[in-house]
């Protein structure tokens, strides 16, 4: 059955490395952050001990925060100035047709509709995930930097109420990001029975022609022309 | 008939000898001591020239819980009394002669005797400081009374005076504090006194990790009252101060054993705690920057712009409450929708499998 599969390069090396740095730093930030949020549970206490006590936990969290910030800065340059990055970001922009496919897409998920709405390089769920990460990182970095004023000994430049609100937002947003990443992204690319144990595209950068056709038909059309689609149907 | 009379007579002798005679004996012994010590004003001159009163009233002895104990039982080093009296260097009474665990003479059974051995007072005495209090210093000697003979309020007032004999500066700071004024001016028996925070026989140095007022343990001690719904409700104060402290950065650090972070006393004071409305209070609006500045050298007026002891679940917390609520619902909705997403996907895959 298995033949020499034709494939298309979906993500280049830089993007794959960016993704690895992103998820490593996010996972470490979530572990070190949530262990403080849930400091009063046995798991939280245990994690804080492993992370080297409260101070060690803080330093670890700050280290990965700066890795994430550096990545975000690099990524901003990447999408602005590199050809590939610029192209990717225009693919990730929300279009009117995305929202038109929202209801049919939900119907398809619920099994009310058998036709899967076609999508381009990124489907609407993937677009939401990308912009969700962007928004989440923005909120976490801004609030995180305010909280860091304390560590730098210049906490007096902001009033206490801002500091308190920042703390509440930072910890709650952290929980939200954890839920979204694990129930949405990790489920979609790892745990869903369709692709378990994982979708290897993050490692190889390659997507098979067959998968491209079924998951991203509009992109497939752009590359191979329309006749293949009609052939398949 | 005659034989039974003899039997009764013998029995009587036994009763007198073994039953009544010890009582009589102790009475006689005590009477002997009271020949001198029963005279009001009976005194002696100490080495440093002070007059020491040695009068012991008969009624004091008889109303104390030790009424059945005779003088020799405690003053056991006095073995000989002549017409001129007894030896001069009478030792201090050792209560532990009777007051130890599993004692045979019926002294109360309690762990306090052994607890006291580890207390700062006893430990300092063992190091050679003879100014430290022993049992008699607090409990009294001949005039010792049962705890139940005093009301809660009388007892609490007496405790502050007992400790104040030596710790005078603390007594004066305490008596002007909110706790002290409640006790002395409002006669409030809920007010904490020395022993409520420091313990009684278990008093330890404040830098002993086992102390109830140790840096990382203090908030629990304050919590005995300030986290108690019964007590806080009685005075219309909130019972969440300890809980909100535990959830604050200071509180979390304390729970992980950090010794440099603020505990209750760092902000509110120790013996001189005053209400926030009092201009001399460390947490009065005018003093709070200085109080934060004790640890945070950079503290300025921005430190005071906001709430302290924030409970995100209470509407009184304002923006914090609303932001927490928004996040709570956002999290619940996201979690529900994504759970549905996962369940729908699993159902679809399952159907797909059964078709093939």
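Read-outs: derived from the displayed coordinates by stated rules, not from any lab. Since the structure is predicted, the reported quantities are computational estimates derived from the model, not experimental observations. Because the Cβ atoms are built from the backbone with ideal geometry, glycine has one as well, and the counts that use them run over all protein chains shown.
The mean sequence distance of close C-alpha pairs (under 8 Å, at least 6 residues apart), as a share of the length of chain A, puts its relative contact order at 27 percent. Relative to the longest principal axis of the Cα atoms of chain B, the long axis of helix B:2-14 lies at roughly 60 degrees. Computed over segment B:314-356, the range of Cα coordinates on each principal axis works out to 60, 10, 6 Å, biggest value leading. Using the Cβ-Cβ distance between residue A:128 and residue B:237 with R0 set to 51 Å, the FRET efficiency from 1/(1 + (r/R0)^6) comes to roughly 0.60. With a simple spin-label model that places each label point 7 Å from the Cα along the Cα-to-Cβ direction, the separation between residue A:59 and residue A:14 comes to 3.5 nm.
Residue exposure proxy: A:178, A:94, B:100, ordered by other Cβ atoms within 10 angstrom of their Cβ from fewest to most, comes out as A:94, B:100, A:178. Taking other C-beta atoms within 10 angstrom as a stand-in for reagent exposure, A:69, B:320, A:146 fall in the order A:69, A:146, B:320, fewest first. Computed from the alpha carbon positions, the gyration tensor of the protein assembly as shown leads to an equivalent ellipsoid with semi-axes of 81, 29, 20 Å, biggest first. In the elastic network of chain B, a GNM with C-alpha springs shorter than 10 Å, the most mobile of B:210, B:259, B:91 is B:91. Calculate, for residue A:80 and residue B:284, the FRET efficiency according to 1/(1 + (r/R0)^6) with r their C-beta to C-beta distance and R0 51 Å; round to the nearest 0.05. For R0 = 51 Å, the calculated efficiency reads 0.40. Among the residues of B:328-340, the average count of other protein chain beta-carbon atoms within 10 Å of the residue beta-carbon is 3.
Extents of chain B, largest first, come to 116, 64, 39 Å (Cα atoms, principal axes, whole angstrom).
When shorter helices are ignored and each DSSP H run of at least 4 residues is given -39500 (n - 2.57), the per-residue value for chain B at 222 nm works out to -13500 deg cm²/dmol. The long axis of helix B:152-164 is offset from the longest Cα principal axis of chain B by roughly 80 degrees.
Between B:303, B:249, B:322, the Gaussian network model of chain B with springs among Cα atoms under 10 angstrom shows the greatest mean-square fluctuation at B:322. By the equivalent-ellipsoid construction on the alpha carbon gyration tensor, chain A comes out with semi-axes of 39, 19, 18 Å, ordered largest to smallest. Against the main long axis of the alpha-carbon atoms of chain A, helix A:124-151 sits at an angle near 10°.
Using the Cβ-Cβ distance between residue B:188 and residue A:106 with R0 set to 56 Å, the FRET efficiency from 1/(1 + (r/R0)^6) comes to roughly 0.30. Using a Gaussian network model on chain A with a 10 Å cutoff between Cα atoms, which of A:55, A:126, A:210 fluctuates the most? Per the Cα network of chain A with a 10 Å cutoff, A:55 tops the list.
Treating each Cα of segment B:204-311 as one equal point scatterer and applying the Debye formula with no solvent, the log10 of I(q)/I(0) at q = 0.16 Å⁻¹ comes out as -0.79. Report summary: the helix-based calculation at 222 nm, which adds -39500 (n - 2.57) for every DSSP H run with n ≥ 4 and divides by the residues of chain A, gives -22000 deg cm²/dmol.
Each residue in A:191, B:54, B:11 was given a count of other beta-carbon atoms within 10 angstrom of its own, and listing them fewest first yields B:11, B:54, A:191.
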